[in-house]
1. Can you name the residue in region 198-212 that is of a type outside the set (Gly, Ala, Ser) and surrounded by fewer than 18 Cβ atoms within 10 Å (Cβ to Cβ) and, of all such residues, is nearest to Leu256 (Cα to Cα)?
2. From the list Asp97, Asp119, which one is in contact with a His (Cβ under 9 Å, 6 or more places away or on another chain), among the acidic types (Asp, Glu) and crowded, with 17+ Cβ neighbours inside 10 Å?
3. Just to confirm my filter: which strands (runs of 3 or more DSSP E) fall fully inside region 117-190 and include at least 3 residues that are of a type outside the set (A, V, I, L, M) and modelled with pLDDT of 95 or more?
4. Within region 122-156, which residues are surrounded by fewer than 19 Cβ atoms within 10 Å (Cβ to Cβ), out of contact with any Asp or Glu (no Cβ under 7 Å at 6 or more places or on another chain) and of a type in the set (Ser, Thr, Tyr)?
5. Looking at this structure, is Ala161 over 23 Å from the mean Cα position of the chain (by Cα) and within 30 Å of Pro305 (Cα to Cα)?
6. Just give me the residues in region 231-254 being out of contact with any helix residue (DSSP H, G or I) (no Cβ under 9 Å at 6 or more places or on another chain) and without any contact (Cβ under 8 Å) to a residue 12 or more places away in the chain, in sequence order.
7. Would you be able to say whether some residue in region 175-196 is over 30 Å from Thr264 (Cα atoms) and surrounded by 18 or more Cβ atoms within 10 Å (Cβ to Cβ)?
8. Out of region 302-319, which residues are surrounded by 14 or more Cβ atoms within 10 Å (Cβ to Cβ) and farther than 22 Å from Pro170 by Cβ?
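The values are calculated or read from the model by the stated rules, or taken from the named source; none is laboratory data. Please read these numbers as outputs of a predicted model, since none were measured by experiment. Please note: Cβ atoms are built from the backbone with ideal geometry, for glycine as well, and neighbour counts cover all protein chains shown.
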Amino acid sequence: MNTDTTDIMTITTKKKRNTYIGMIIIVILVIALAGSLIYINQTKKKANTKDHSSDYHEVTYQGKKYRYNSSVISILLLGIDKTKKDKNRATSQGQSDAMEMLLLDRSSKKLKLLTIPRDCMTPIESFDGSGESLGWDKNHINLAYAFGDDEESGCMHAMQAVSKMLYNVPINYYGAMDMDSLDALQNIVGDLKVKVPNNTLAKAEGWKKGDVITINARNVEKYVRTRDTDVAFSNETRMERQRSYFQAYYEKLKVLLKKDFNGTVSKMYSLVEHVTTNISYDNLETFGNYVLDYSFDDGSYYTIPGHYVSGDLYDEYNLDQTALHKQVITLYYRAEEN
C-alpha cells in the first residue's frame, strides 16, 4: 500500500498556515532555472541541524582523506501534498510528496539533481501535539516536513533529516511550492515537447514510451503528478516522468533567457511569491545570468541508492548505506592532495 492512498498524518500541531499539493518540478524550475546560483559568500551559511556529532569539512573514506567542496551549493526542493482547498483543514501539515536536491557546483559550472525517494527509511525527528520533541526514529523521510508548525519550519525539519541522512553535509537553501501555480509556471515556456520515458500513462492518456508529446497548462499536472497508487513502488516511474519534464523545461528556458532575458525573468517574478524559500528574491535577476553558463545533461541525474520493499502498511525505500556513503563523497568532496 502507498502512503498516497491513506492519510496517515494525524499530527495535530499548531498551524500558522497550511501548505498544499505541490510537485518538486515546480520548485526546481522556479528556483533552479530562474537563477538560484548563489554567490560564493552565501555558501558559508549552514542548514540548521541538531546533529553536530560529525564535522563534515574533512572526512576519511576508505583510508583516504577528503575535504568538503565549498564550491557546491545545495538546495532542497520539496513538493507538498496539500491544496489550497485544504487550507482550513487542520489534520496535518502535509507531507513532502516529492523531494529533490539541486547541486550547483561553481567550480565545474555543472548543475546536478539528486532525487530523494519519498519513502526513504531514515531517522527523522518527530514531535507530539504540543510541539515537544519525541526524538529521532527511523521513518519515511517525507514525513519530516509534517512536523513543522508552518511551511518554513516544515522545510527546516526536512533539511535536518536529509542532512543527517547524507552524513551531515550542509544544505544551504530550501524551496517548496504548491500545485496551484503549475499553470502559471507552464505558461512561462508555453508548449513544451517532452519525450515520454515509460508506459505508465499509456492506458489513461495514450502516452507511450518514446512518444514525443506536447505539454501545456492543461495537461502538465497529469504528466508530472499522476501515478497508479494500486501499483507497488509507482513513485519510481513517476520520478522518471518528472525528470523528463525538467530536462525539457530547462532546455527551453535557457533558449528563452538567451532570447529575452529580462522578459523571461519578469515572468518568473510573479511565481516567487508562492515559493517558501530562504533564497533572496532580489537576487533572481543576477543569478539568472549564471543559468546560461551551467551544463546539465543525462549524466547530471542521481538517485539516493537503495531499493523498494513492501512494508507492513506502506512502500519503503531501504537505503544502501555503502553506496550512499560513496555517492556523498563523489558529489560533495575532493580528495586531499598529499
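1. Out of the qualifying residues, it is Val212.
2. Only one candidate passes the filter, namely Asp119.
3. Fully inside region 117-190 and qualifying: 121-127, 133-140.
4. Hits for region 122-156 are Ser130, Ser153.
5. No; evaluated as a whole, the condition is false for this residue.
6. Glu251
7. So far as region 175-196 goes, no, none of its residues is over 30 Å from Thr264 (Cα atoms) and surrounded by 18 or more Cβ atoms within 10 Å (Cβ to Cβ).
8. Scanning region 302-319 gives Gly306, Tyr308, Gly311, Tyr314, Asp315, Glu316, Tyr317, Asn318.
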